[in-house]
1. When a/c is below 1.5 the answer is rounded, else prolate if a/b is larger than b/c, else oblate, so apply that to region 91-151 with a ≥ b ≥ c taken from the square roots of the Cα gyration tensor eigenvalues.
2. Report, in whole Å, the centroid distance computed from the Cα atoms of region 1-67 and region 168-193.
3. If you fit an axis through the alpha-carbon atoms of helix 217-228 and take the longest principal axis of the Cα set of the chain, what angle between them do you get, 0 to 90°, nearest 10?
4. Express the Stokes-Einstein translational diffusion coefficient of the chain in µm² s⁻¹, to the nearest whole number, given a Kirkwood radius over alpha-carbon pairs, 20 °C and a viscosity of 1.002 mPa s.
5. What value, in deg cm²/dmol to 500, does the helix sum -39500 (n - 2.57) over DSSP H runs of n ≥ 4 give at 222 nm once divided by the residues of the chain?
6. Output the 0 to 90 degree angle, nearest 10, between the alpha-carbon long axis of helix 180-193 and the longest principal axis computed from the alpha carbons of the chain.
7. In degrees from 0 to 90, rounded to the nearest 10, what is the angle of the helix 106-121 Cα long axis to the longest principal axis of the chain?
8. Sorted from fewest to most neighbouring beta carbons within 10 Å, what does the list 50, 219 look like?
Ligand code: NAD
């Protein structure tokens, strides 16, 4: 099945690395014009040059700067995010606010900026890269779990408001994906559990998974492509889990 995104304009936040980069490449291969939005200006520019797209160097935690934005895109992928591993009592309140700005308020503001154009054209796809932590909590990830649970609610609300005007909104909930974010997780979890990094996947991250390997970014990108394509027109207000059975317990 080939999915044609010719003529579509897509914006992928956090597009310079990991899952976002895989989605940007896959959408560009399918014919979309992709804007790579990222804090990492060099990375965004390099990928944009590679895929014939545009780069937007932006700090999405600076939400005041996003308040009056208007975006002309057909597909918005809210993907930028960071992780932390810390008990609540040791977690700085400013860090909690920062993560909620980046991972919940910024997606709200980008959706808010994109909807008027999507409504005018009667078409829009909002893909929110949440996580299995959007539907299932883990200890020591208070801000991450809170932001991702919030993103699931925002996505459903967008679906309800956008549906009658041609806009769908869906969350993608990956388990552990091979990316720089997970590499940092492995180091943090090894410290937190006092075990070597080589044992973190087996003993911590993938302990509950039915399939004991990391998800590949390209697998998440294939799901995103299907969700952006014509066969997913009736898929909205829901979440797609891709976690090798991690959340089945
Ligand atoms: P990654 O670290 O490879 O990429 C994240 C990108 O976001 C980077 O390019 C980074 O520069 C960008 N970014 C960070 N802060 C930013 C800011 N303030 N403004 C703009 N851009 C910023 O991570 P990834 O694994 O590809 O994760 C992408 C998304 O997928 C995140 O939302 C993450 O929560 C989610 N996710 C990842 C995993 C996983 O195991 N890797 C699992 C589930 C969900």
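1. Because a/c hits 1.5 or more and a/b fails to exceed b/c, region 91-151 counts as oblate.
2. 20
3. 30
4. So the translational diffusion coefficient is about 118 µm²/s.
5. Rounded to the nearest 500, it is -12000 deg cm²/dmol.
6. Approximately 20 degrees, to the nearest ten.
7. 20
8. 50, 219
Rule-based calculations on the coordinates, nothing more; no lab input. Just so we're clear, the structure is a prediction, and the values are computed from it rather than from any experiment. In this analysis, Cβ positions are derived from the backbone assuming ideal geometry, glycine residues included, and neighbour counts consider all displayed protein chains.
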